[in-house]
Amino acid sequence: MPPAERVDHAPKVRFEEVSKCFGQGADAVRALEPITLDITEGEFTCLLGPSGCGKSTLLNILAGFEQPTSGQVLMDGLSVRGPDPRRGVVFQQGALFTWMNVHDNVAFGPLATGKPAAQADRLAAHYLEMVGLAAFAKRYPYELSGGMQQRVGIARALANDPEILLMDEPFAALDAQTRELLQEEIKRIWQRTHKTVLWITHSIDEALFLATEVVVMSARPGRIKASLRPQFSQSADPAVVTSAEFARMKAEIFGLLREEALTAQRQEGAQ
Ligand SMILES: Nc1ncnc2c1ncn2[C@@H]1O[C@H](COP(=O)(O)OP(=O)(O)OP(=O)(O)O)[C@@H](O)[C@H]1O
Ligand SMILES: [Mg+2]
């Protein structure tokens, strides 16, 4: 195959037989079995799986925060060796600089990567507008609600123009209504930018509403149990969640996850 063709078809990210074991000897925890998973450019991939199955570990290995015990992660064909601004991470909560106002939080990344101040200001204004927080640019994180802080976190990640966004349960701490509104907002942003996204959630509804690919993991040590391709990410209508097809897929994933959650519970009981 000529190299150009190979590049065209190469996935954005490839987890190649990636396993992870924490600790050694009797205390060792096998978090991930060797996992092979491709993420195609422009896809919105949601990872679902029982607590402790290794979702965060997988994301942290791609982020470059953790090293795999065996195997490797490739991005654009190159092995991931550490954190890189091409991979933007949004954490479950906070992680904003409390001593900086909202604008400065978002402008921080572009400034840190050497962009001139005027350009960093423009980028911050643009992404704060995108997440609906233009009016709050001069406020400090403590003056914002949890949902608004998460939106700043998303604007901050987007301002670095990452090639992939890594989101570890970004909406887990939010109330149900705020969460639904933010899901609609993130969907609009994704439809506009077509960023590659890896998103961890415990919510089947959230995964089905947002993802182009839903990957279900097994109980620890994590393996890929199933992969599904819902069609709801293209829809702008929040009411897709009431469709018969949505209900059918939800039931299917519920069944897959319940089996694994019970296994995880038994494992915890045995420890
Ligand atoms: N730094 C660490 N040291 C030791 N063990 C760890 C470490 N990080 C994770 N683990 C273990 O690895 C397993 C997978 O953890 P991980 O955080 O990836 O799970 P998860 O799927 O993200 O769970 P949750 O849904 O609860 O966030 C767990 O058993 C956890 O205790
Ligand atoms: Mg986790």
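The values are calculated or read from the model by the stated rules, or taken from the named source; none is laboratory data. Since this is a predicted model, take the numbers as computed values, not measurements. Note that each Cβ is placed from the backbone with ideal geometry, even for glycine, and that neighbours are counted across all protein chains shown.
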Looking at ILE154, ILE164, ILE61 in this structure, which one is touching a residue at least 24 places away in the same chain (Cβ under 8 Å), of a type outside the set (Ser, Thr, Tyr) and out of contact with any helix residue (DSSP H, G or I) (no Cβ under 9 Å at 6 or more places or on another chain)? ILE61
For THR98, indicate whether it is in contact with a helix residue (DSSP H, G or I) (Cβ under 7 Å, 6 or more places away or on another chain), more than 12 Å from ligand 1 (Cβ to nearest atom) and β-branched (Val, Ile, Thr). yes
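Run down GLN191, GLN183 and say which single residue is polar (S, T, N, Q), farther than 22 Å from ALA261 by Cβ, out of contact with any helix residue (DSSP H, G or I) (no Cβ under 6 Å at 6 or more places or on another chain) and outside any strand (DSSP E or B). Please lay out each step first, then the result.
On the way: GLN183 fails: out of contact with any helix residue (DSSP H, G or I) (no Cβ under 6 Å at 6 or more places or on another chain).
So the residue among GLN191, GLN183 that is polar (S, T, N, Q), farther than 22 Å from ALA261 by Cβ, out of contact with any helix residue (DSSP H, G or I) (no Cβ under 6 Å at 6 or more places or on another chain) and outside any strand (DSSP E or B) is GLN191.
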Looking at the range 14-32, can you tell me whether even one residue there is touching a strand residue (DSSP E or B) at 6+ places or on another chain (Cβ under 9 Å), at pLDDT 95 or above, buried (at least 17 other Cβ atoms within 10 Å of the Cβ) and within 27 Å of ILE189 (Cβ to Cβ)? yes
Can you tell me which of TRP190, TRP199 is within 21 Å of THR40 (Cα to Cα), within 16 Å of ligand 2 (Cβ to nearest atom) and buried (at least 19 other Cβ atoms within 10 Å of the Cβ)? TRP199
How many residues are aromatic (Phe, Trp, Tyr) and surrounded by 22 or more Cβ atoms within 10 Å (Cβ to Cβ) if we restrict to the range 50-106? 0
Which residues, counting only those in the range 69-85, are under 11 Å from LYS12 (Cα atoms) and assigned to a loop (DSSP other than H, G, I, E, B)? ASP76, GLY77
